[in-house]
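The values are calculated or read from the model by the stated rules, or taken from the named source; none is laboratory data. Bear in mind that the values here come from a model prediction, so they are computed numbers and not experimental data. Note that each Cβ is placed from the backbone with ideal geometry, even for glycine, and that neighbours are counted across all protein chains shown. Ligands, DNA and RNA are stripped out before the accessible areas are found, and what is left, the full protein with its side chains, is counted by its heavy atoms. Shrake-Rupley method; radii C 1.70, N 1.55, O 1.52, S 1.80 Å.
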Amino acid sequence: MLNQPKEFWDMRARDYDATSGSIYAKAYDLTVQRAADYLRPGDRLLDFACGTGLATLRLAPYVSSVRGIDISPRMVEIARKKAAGLPNVEITNTGLFDPCLKAGSFDVAAAFNVLCYLPDLPGALSRIHELLRPGGVFLSATNCLGGWPTKAGIKKFVKSHTGAMPYVAFFTQKSLARKIAQSGFHVLAQENLFPAPPNLFIAARKAGPAEPSSVRPNFT
């Protein structure tokens, strides 16, 4: 059934790069650029819901290691083929709450274009917070469909309410930033990367040792 996340994203994997990867090419470019500013050579990066690796593989040169996880076996298969030859990248068919992911084991966690598809967003944010070391950084880019109506938002609303796709959340940019802050993160920066619907990039930090602003920059 396409209203089940794994089955839906398995189906979408077939043309994901040719559709979403093309339509949102500029947004992906900006996501990678903004995220790279928060990465350091020794970082261990978790990419939650890595999909076909559109952002994952481009961030690999900036860090020590990347663990990309996704619930879709077909997405993982595509990402693994792309990652061949990159020794610091591991892509696995793993869920966010899998016990193989240990608390405090990552310096940075990324969640690009997935938060709006999570029925239990507070639970997911709490788990991401748990997986980060103290002072670790959370990076996200998320469609915010709860403001003014857009064609994409209306389409997703209809599909999610007719069983043609899984759950879709309709939060605003402000409410998403608030949810992240309420999960124990200090929001460092936010920027809209796409006109309609808004695709909000947020950089946030888990409470921990203070870091120089030159290492973790902010955006205006």
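Which order do THR172, THR142 take when ranked by solvent-accessible area (1.4 Å probe, heavy atoms of all protein chains), largest first? Intermediate results must be reported in sequence, preceding the final value.
Working: THR172 50, THR142 0 Å².
Greatest to least solvent exposure: THR172, THR142.
Quickly estimate the mean residue ellipticity at 222 nm for the chain, helices only: each DSSP H run with n ≥ 4 gives -39500 (n - 2.57), and the total goes over all residues, rounded to 500.
Working: 8 runs with 73 residues, N = 220.
Value at 222 nm, helices only: -9500 deg cm²/dmol.
Please report, for the Cα atoms of the chain, the Rg to one decimal and the Dmax as a whole number; what are they, in angstrom?
Using the Cα atoms of the chain, the pair Rg, Dmax is 16.3, 49 Å.
So what is Rg over Rh here for the stretch 22-146, counting just Cα atoms and using Kirkwood for Rh? If you can, show how the numbers build up before the last one.
Working: Rg = 13.4 Å, Rh = 14.5 Å.
When Rh is taken as the Kirkwood radius, the ratio is 0.93.
In this model, which of LYS6/LYS81; LYS102/LYS179; LYS26/LYS151; LYS81/LYS206; LYS26/LYS174 are farther than 21 Å apart at the alpha-carbon? Before the final figure, lay out each step's value.
Working: LYS6/LYS81 19 Å; LYS102/LYS179 23 Å; LYS26/LYS151 19 Å; LYS81/LYS206 33 Å; LYS26/LYS174 23 Å.
In this structure, LYS102/LYS179; LYS81/LYS206; LYS26/LYS174 lie more than 21 Å apart at Cα.
Loop sites only, by DSSP: take the chymotrypsin sites (Phe, Trp or Tyr not before Pro) in the chain that have at most 15 other C-beta atoms within 10 Å and name the longest stretch containing none of them.
On the way: sites that count: PHE97, TYR167, PHE219.
Looking at the chain, 1-96 is the longest stretch - no exposed chymotrypsin sites (Phe, Trp or Tyr not before Pro) with at most 15 other Cβ atoms within 10 Å.
Please report the spacing between the Cα centers of the stretch 106-120 and the stretch 1-57 in Å, no decimals.
Going from one Cα centre to the other spans 11 Å.
Springs between alpha-carbon pairs under 10 angstrom, Gaussian network model over the chain: which of CYS100, CYS144, CYS116 fluctuates most?
Highest fluctuation of the listed residues: CYS100.
Between SER126 and LYS26, with labels modelled 7 Å along Cα→Cβ, what's the label distance in nm to one decimal, could you check?
The two pseudo-label positions are separated by 4.0 nm.
Using a 1.4 Å probe over the heavy atoms of the protein chains, calculate the carbon and sulfur portion of the accessible area of the stretch 94-220 as a whole percent.
Details: 3430 of 5700 Å².
Roughly 60 percent, rounded to a whole number.
Which trypsin sites (Lys or Arg not before Pro) in the stretch 138-187 pass both tests, a DSSP loop state and at most 10 other beta-carbon atoms within 10 Å?
Details: sites: LYS151, LYS155, LYS156, LYS159, LYS174, ARG178, LYS179; in loops: none.
Here no trypsin sites (Lys or Arg not before Pro) fit, given the DSSP loop and packing criteria.
Let's test this: bin the Cα-Cα distances of the stretch 53-119 at 5 Å from zero up to the farthest pair and state each bin's percent.
3, 15, 28, 27, 21, 6, 1, 0
Within the stretch 1-95, which trypsin sites (Lys or Arg not before Pro) sit in a loop by DSSP and count at most 13 neighbouring Cβ atoms inside 10 Å? Numbers along the way, then the final one.
Values: sites: LYS6, ARG12, ARG14, LYS26, ARG34, ARG44, ARG58, ARG67, ARG74, ARG80, LYS81, LYS82; in loops: ARG14.
Here the sparse-neighbourhood loop sites are ARG14.
Heavy atoms only, 1.4 Å probe, whole protein assembly: order HIS161, HIS129 by accessible area, highest first.
On the way: HIS161 125, HIS129 45 Å².
Largest to smallest exposure gives the sequence HIS161, HIS129.
Among ASN88, ASN192, ASN113, determine the one that fluctuates most according to a GNM of the chain built with springs between C-alpha atoms less than 10 Å apart.
ASN88
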